[in-house]
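Everything below concerns the one structure shown next.
The values are calculated or read from the model by the stated rules, or taken from the named source; none is laboratory data. All of these numbers come straight from a predicted model, not from anything done at the bench. Ideal geometry is used to build each Cβ from the backbone, glycine not excepted, and the neighbour counts take in all protein chains shown.
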Amino acid sequence: MTPRWSGEWALEVPGEEPAVDVLIPSFGRPAELAVTLSGLAAQEGVPFRVIVSDQTEGEAASFVQPAVRAMLRVLEAQGHPVRLERHLPRRGLAEHRNYLLGLATAPFVLFLDNDVWLEPGSLDRMSRALRAAGCGFVGSAVQGLSYLGDRRPHERTELRLWPDNEVLPERIRRGTEGFARWPLHNAANLAHAAVELAIPPGEWRLYRVAWVGGCVLFDRDALVECGGFDFWDRLPPGHAGEDVAAQWRVMERYGGAGIIPSGAVHLEAPTTVTDRDTDAAHVILGQ
């Protein structure tokens, strides 16, 4: 299969119509991005397209790094369409996510951070879970495997499974009962929970979340109907919590869940989001 170039940064490969658009907002961290792409190259069972939007300036652009280029070639050879974008100037996380969502056309969109490795089977499992539940999103909470020896049962006391994996709408805000679930995603808590639940291979359990960071599969129509990240222009460039605001809006109308086992491994690289002065969820949704 011969790839074809479309524009300066848009590389596409003809193939099966994707069921999932994988959206990767990227800034710096080319080594981590290469690992993230390698995880996608190991996914089977669901046709997907990869869209990477890089905001790294100048010669340091992630796309020119050899390891990144190699993994892009692997994805192309597998028949997965790949689209590469440069999106500058930087206007904040919410604007970047809004831009990526505007490029998506598949029924499902996976927002995947550029420092997350997905174990084989994760994308197929998440897709099947989202279809079965019929909710707005299913998220795989990223696990820091350096914490495998750090068991925190006190942080898992709020773990509540959705009965029969049937997810219902709910309203989450800071101070509500559901907000207290946020420690579930610390360290390697979900990895420990998966062992304790003894879930058979290929199966999953959905659980109640406060929100999920780093790896979230949305029903695209549900996300767009709830406004997506259209609030970006109400925020200063230095903010965090834009994913929380978008997820809370979707949860209120369609419901959202986390999935066990997660399958998403955090690479534990230093954060590139150093300016967190503004809490997007508070600005957009208040208390």
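So which residues in region 226-273 are charged (D, E, K, R) and either closer than 14 Å to H96 by Cβ or free of Cβ contacts under 8 Å to residues at least 24 places away in the same chain (or both), if there are any at all? Please lay out each step first, then the result.
Initially, region 226-273 is screened for residues charged (D, E, K, R), giving 230, 233-234, 242-243, 249, 252-253, 268.
The answer is D230, D233, E242, D243.
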Hits in region 67-106 (condition: more than 15 Å from D230 (Cα to Cα), charged (D, E, K, R) and within 19 Å of the chain's Cα centre (by Cα)): R83, E85
Across region 172-195, the tally of residues that are closer than 21 Å to G255 by Cβ and part of a helix (DSSP H, G or I) stands at 10
Criterion violated by H96 - all others in (1) closer than 28 Å to V244 by Cβ; (2) touching a helix residue (DSSP H, G or I) at 6+ places or on another chain (Cβ under 8 Å); (3) modelled with pLDDT of 95 or more satisfied: (2)
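From the list L110, L145, L197, pick out the single residue that is surrounded by fewer than 23 Cβ atoms within 10 Å (Cβ to Cβ) and within 30 Å of S62 (Cα to Cα).
Working: L110 fails: surrounded by fewer than 23 Cβ atoms within 10 Å (Cβ to Cβ); L197 fails: within 30 Å of S62 (Cα to Cα).
One residue alone meets the criteria, L145.
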For region 72-90, state whether one or more residues are in contact with a helix residue (DSSP H, G or I) (Cβ under 8 Å, 6 or more places away or on another chain) and small (G, A, S). no
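Which ones in region 189-207 are out of contact with any Gly (no Cβ under 6 Å at 6 or more places or on another chain), free of Cβ contacts under 8 Å to residues at least 60 places away in the same chain and not polar (S, T, N, Q)? Lay out the reasoning, then the answer.
First, the residues of region 189-207 that are out of contact with any Gly (no Cβ under 6 Å at 6 or more places or on another chain): 189-206.
Imposing the further condition that a residue be free of Cβ contacts under 8 Å to residues at least 60 places away in the same chain reduces the set to 189, 192, 195-196, 198, 200-201, 203, 205.
Correct list: H192, V195, E196, A198, P200, P201, E203, R205.
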Of the residues that sit in region 56-66 and are more than 22 Å from the chain's Cα centre (by Cα) and in contact (Cβ under 8 Å) with a residue 12 or more places away in the chain, which one is nearest to V20 (Cα to Cα)? Q65
Candidate set from region 215-256 (those that are of a type in the set (K, R) and under 18 Å from the mean Cα position of the chain (by Cα)); member that is nearest to I172 (Cα to Cα): R249
Checklist (1) closer than 25 Å to E166 by Cβ; (2) in contact (Cβ under 8 Å) with a residue 40 or more places away in the chain; (3) in contact with a helix residue (DSSP H, G or I) (Cβ under 6 Å, 6 or more places away or on another chain) applied to D221, failing item: (3)
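Hey, among A106, A132, which residue is in contact (Cβ under 8 Å) with a residue 40 or more places away in the chain and of a type in the set (G, A, S)?
Working: A132 fails: in contact (Cβ under 8 Å) with a residue 40 or more places away in the chain.
Of the residues listed, the single one that is in contact (Cβ under 8 Å) with a residue 40 or more places away in the chain and of a type in the set (G, A, S) is A106.
So that you can scan it fast, the table gives a plain yes or no per residue for (1) crowded, with 20+ Cβ neighbours inside 10 Å; (2) in contact with a strand residue (DSSP E or B) (Cβ under 9 Å, 6 or more places away or on another chain); (3) assigned to a loop (DSSP other than H, G, I, E, B):
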residue	(1), (2), (3)
L217	yes, yes, no
D221	no, no, no
D233	no, no, no
P236	no, yes, yes
D243	yes, yes, no
W248	yes, yes, no
E252	no, no, no
A257	yes, yes, no
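Report those strands (runs of 3 or more DSSP E) wholly inside region 15-124 carrying at least 1 residues which are among the small types (G, A, S) and in contact with a Ser or Thr (Cβ under 9 Å, 6 or more places away or on another chain).
On the way: elements: 20-26, 48-54, 82-86, 108-112, 116-118.
In region 15-124, 20-26, 48-54 are the strands (runs of 3 or more DSSP E) which contain 1 or more residues that are among the small types (G, A, S) and in contact with a Ser or Thr (Cβ under 9 Å, 6 or more places away or on another chain).
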Can you pull out every residue in region 261-276 that is farther than 21 Å from L40 by Cβ and either surrounded by 22 or more Cβ atoms within 10 Å (Cβ to Cβ) or among the polar types (S, T, N, Q) (or both)? T271, T274
